[in-house]
Each structure stands twice: as C-alpha cells, then as structure tokens.
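The values are calculated or read from the model by the stated rules, or taken from the named source; none is laboratory data. What you see is a predicted model; the values in this text were computed from it and never measured. Cβ atoms come from the backbone with ideal geometry, glycine included; neighbour counts cover every protein chain shown. Keep in mind that these areas ignore ligands, DNA and RNA; they rest on the heavy atoms of the full protein, side chains included. Shrake-Rupley method; radii C 1.70, N 1.55, O 1.52, S 1.80 Å.
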Amino acid sequence: MAAASDAPKPKTSPKSIKFLFGGLAGLSAGLLRQATYTTTRLGIYTVLFEKMTKADGTPPNFFMKALIGMTAGATGAFVGTPAEVALIRMTADGRLPVDQRRGYTNVFNALVRITREEGVTTLWRGCIPTMARAVVVNAAQLASYSQSKQALLDTGYFGDDILCHFCASMISGLVTTAASMPVDIVKTRIQNMRMIDGKPEYKNGLDVLVKVVRSEGFFSLWKGFTPYYARLGPHTVLTFIFLEQMNKFYKIYFLDS
C-alpha cells in the first residue's frame with residue numbers, strides 16, 4: 001500500500017492559470033476607465049440636470065434628459081477612450097498567437113507604449129464609435145433612470161429611497177442593454193481590429209454592422225443579451241444608488257451648511 005505522501009498530487013492546469021490571470025489582465029485599465037469615463041459622465045449629467053430643473057423643482061422633460069445624457073456621455077467617452085483602448089487590448093492579448101501578443105504589464109505601460117510605438121493619436125482610435133456608444137448608452141441609461149424614478153414616485157407607492165432607486169435602475173439597465181449592444185459590438189471590434197495586408201479590417205462602424213449581420217445574422221447584434229444584462233443591471237443599480245446617496249450627503253453637509 002503506497003504511503004499518502006506518494007499519492008499523485010493534483011496538478012494545476014496551465015489553462016486554469018491562463019484563465020485566472022487573463023481575467024485580471026485588464027484590471028488596472030478597467031479601474032482607470034471607470035475613474036475617467038464614469039466620473040466625468042455622471043458629474044456632467046448631475047450638473048446639467050440641476051441647471052435645467054426649474055425654480056419650482058420641475059425636472060426637465062424626457063427629451064431634455066436624453067439630450068443631457070448624450071452630452072455627458074460623449075464628453076466622458078472622449079476622456080475615457082485611452083483607458084478603453086488599453087483595456088480592450090489587454091483583455092484580448094491572451095487570445096492572440098504568442099508572436100502577436102503585446103504583453104502590456106499594466107495600463108500605464110500600455111498607454112506609454114502605444115504612444116511611443118504607434119503615436120499619441122492611437123490612444124483615441126475608435127473614439128467616434130466609442131462616443132457614439134456613450135451617446136446611446138447615456139441617453140438610454142441616464143434618461144430612462146430619471147424618467148423611471150419620476151414615474152415610480154408619481155404612483156404614490158414609492159418614496160425617494162433606496163427601493164425606488166433600485167427599481168428605477170433595474171428598468172434603466174434593461175433599456176440600456178437593448179440600446180447599447182449593437183454599438184458596443186461596433187466599438188469593440190474597431191478598437192481591437194487588425195491590419196490585413198496593410199489595410200484596416202473594418203472601414204467604419206457601418207462596415208462592422210454590415211459584416212456582422214451578413215456573416216452572423218441580424219439578431220447576433222444582441223447575442224448574449226442575458227449575461228450582458230446580468231452584468232449591466234447590478235452595475236447600474238450600484239452606480240445610481242451610490243450616486244443618489246452621495247448627492248444626498250453633498251446637499252446636507254455642503255449646500256445646506
């Protein structure tokens with residue numbers, strides 16, 4: 001009978017290690033993206049929303065909310081595009097052949113190397129589709145949240161509390177998922193496209209949509225809707241709940257002091 005110490009020890013699969021570290025590869029880029037894009041868009045939306053609110057407290061109408069959301073989203077996307085480019089490249093790196101991998105160690109290494117090797121304008125590659133996505137996402141997310149919250153409060157069954165914020169943000173997440181998935185596909189594929197025979201893989205965003213629909217089908221634009229919503233829904237909930245609480249404390253301790 002073999003001793004316990006002689007028993008074969010379970011080996012860690014190289015694929016498991018690759019999966020673990022591949023999931024963490026873009027963490028620094030993801031954090032920088034949130035620190036630039038999200039804070040910019042939410043800050044601008046909050047300021048513009050308050051500016052457009054009438055003296056008697058009447059909020060702007062839905063179309064004005066959507067316009068404010070578009071403005072905030074486009075500005076935030078422009079600020080956050082460099083981190084977005086780094087994030088997409090870092091998370092896609094593990095799926096490339098070994099000789100094509102870029103091997104960025106962190107987001108700052110990625111930004112410096114992209115600037116040095118490909119020029120500073122490369123940091124804003126895909127900026128237009130990124131801003132287009134942000135316009136759609138923020139018009140859908142911010143406007144639908146404000147409108148849903150207002151509708152819930154008007155029913156008389158909700159107060160301006162966390163339950164109301166939770167329900168409104170879940171509705172907002174559903175609307176945002178449906179609206180943003182097609183433009184998200186365009187943005188991601190353009191930012192991660194390769195050069196084929198010295199020419200870019202896609203000409204523009206419309207070319208991406210045409211090729212995706214032609215080769216994968218129209219409804220492939222919403223492929224993975226459920227997991228996308230499962231990610232975006234909680235993200236939207238946490239974003240708006242924290243935003244509402246921060247605005248509440250800001251008004252109490254700074255504006256009313």
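Test CYS164 against the stated conditions and say whether it is in contact (Cβ under 8 Å) with a residue 12 or more places away in the chain and in contact with a Leu (Cβ under 6 Å, 6 or more places away or on another chain). Working first, answer last.
Values: in contact (Cβ under 8 Å) with a residue 12 or more places away in the chain: yes; in contact with a Leu (Cβ under 6 Å, 6 or more places away or on another chain): yes.
The answer is yes for CYS164.
So that you can scan it fast, the table gives a plain yes or no per residue for (1) surrounded by 20 or more Cβ atoms within 10 Å (Cβ to Cβ); (2) of a type in the set (Gly, Ala, Ser); (3) in a helix (DSSP H, G or I):
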| residue | (1), (2), (3) |
| --- | --- |
| SER28 | yes, yes, yes |
| ARG33 | yes, no, yes |
| GLY43 | no, yes, yes |
| GLY57 | no, yes, no |
| VAL85 | yes, no, yes |
| LEU123 | no, no, yes |
| ILE128 | no, no, yes |
Subject >> Some residue of the range 70-92 being modelled with pLDDT of 85 or more, polar (S, T, N, Q), within 13 Å of the chain's Cα centre (by Cα) and within 30 Å of ILE196 (Cα to Cα) >> reply: yes
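Any residue at all in the range 102-114 that is open to solvent by 90 Å² or more (accessible area, probe 1.4 Å) and under 28 Å from VAL175 (Cβ atoms)? First the steps, then the outcome.
Within the range 102-114, the subset open to solvent by 90 Å² or more (accessible area, probe 1.4 Å) is 105, 108.
Among the residues that remain, those that are also under 28 Å from VAL175 (Cβ atoms) are: none.
No, there is no match, as no residue in the range 102-114 is open to solvent by 90 Å² or more (accessible area, probe 1.4 Å) and under 28 Å from VAL175 (Cβ atoms).
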Subject >> Single match in ARG214, ARG189 (criterion: assigned to a helix (DSSP H, G or I), free of Cβ contacts under 8 Å to residues at least 60 places away in the same chain and surrounded by fewer than 13 Cβ atoms within 10 Å (Cβ to Cβ)) >> reply: ARG214
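Restricting attention to the range 191-203, does a residue exist that is outside the structural domain of THR46 (by the TED database) and modelled with pLDDT of 85 or more?
No, because not a single residue in the range 191-203 is outside the structural domain of THR46 (by the TED database) and modelled with pLDDT of 85 or more.
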